[in-house]
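Since every read-out is calculated from the coordinates, none of them should be taken as a lab result. Just so we're clear, the structure is a prediction, and the values are computed from it rather than from any experiment. Cβ coordinates were reconstructed from backbone atoms using ideal geometry, including for glycine residues, and neighbour counts include every protein chain displayed.
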Amino acid sequence: MDIREERAAMDERRLAALETLSAVVKWLKDTKPSEIFYVEGESGKGKAPAPSMSDEHLRVIWQRWVAKASDVLERSAVIPDLLLADVERIFKEEKSNAQSSGTP
Amino acid sequence: MPNRREHLKAAKALLGHADPLVHILMNRAIERLGPRYLYVRHNAAYISAIKELLGEDACLEATLHLLQDWGVVTAEDYGFYASPRRSNREPSR
């Protein structure tokens, strides 16, 4: 294989790895229990758990989600061809997007 | 990044257990490897090591620590824990 072809193939794998990691971060943010089980508070102080949920029930849900996140992270840690700088950029972009949209 | 007190508060609120040793070990990874190694690879390996050493509960706590450092889990997610809404006590008169 020619060096240019090799380089193109590496870039393609790197892009695929980046997409996978972005999907993992999006999945984590979209599925966290506070996105699903929290409701807007009465006094406008932000979200709080739905009144029908006990602390214990909520903890079990968080424990399951964190366990699932642990599995996903373990798998995503072995993505080939991913550069550390790429990962840093993803998280920096996430933070700057959140700041520009006014969310904490 | 949240400090150790925040990590412990989140773990206590969301998981029901908080072990300072887990967070000392997690932050030691940054001290030893540098902030560039905060992301995926090294910490995922580190979490596996913590699981081997301290068990399943510690593994969950270490994962939560990582998610807090990344900004996936924020203070809003566990702020309810100290909220008076969840208190069962009668209000004083």
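Assorted remarks:
- Residue-averaged beta-carbon neighbours from other chains (10 angstrom radius) around A:27-35: 3
- For the peptide A:57-66, the mean number of other protein chain Cβ atoms found within 10 angstrom of a residue's Cβ is 5.
- Counts of other chain beta carbons within 10 angstrom of each beta carbon in peptide B:12-21 average 3.
- Where labels lie 7 Å past Cα in the beta-carbon direction, separation of B:H17 and B:E52 in nm: 2.0
- Along segment A:66-71 the Karplus relation, 6.51 cos²θ - 1.76 cosθ + 1.60 evaluated at θ = phi - 60°, assigns HN-Hα couplings of 5, 4, 5, 4, 4, 4 Hz to successive residues, with x for each Gly and Pro.
- FRET efficiency estimate (nearest 0.05) - Cβ-Cβ, A:R89 to A:M10, R0 25 angstrom: 0.90
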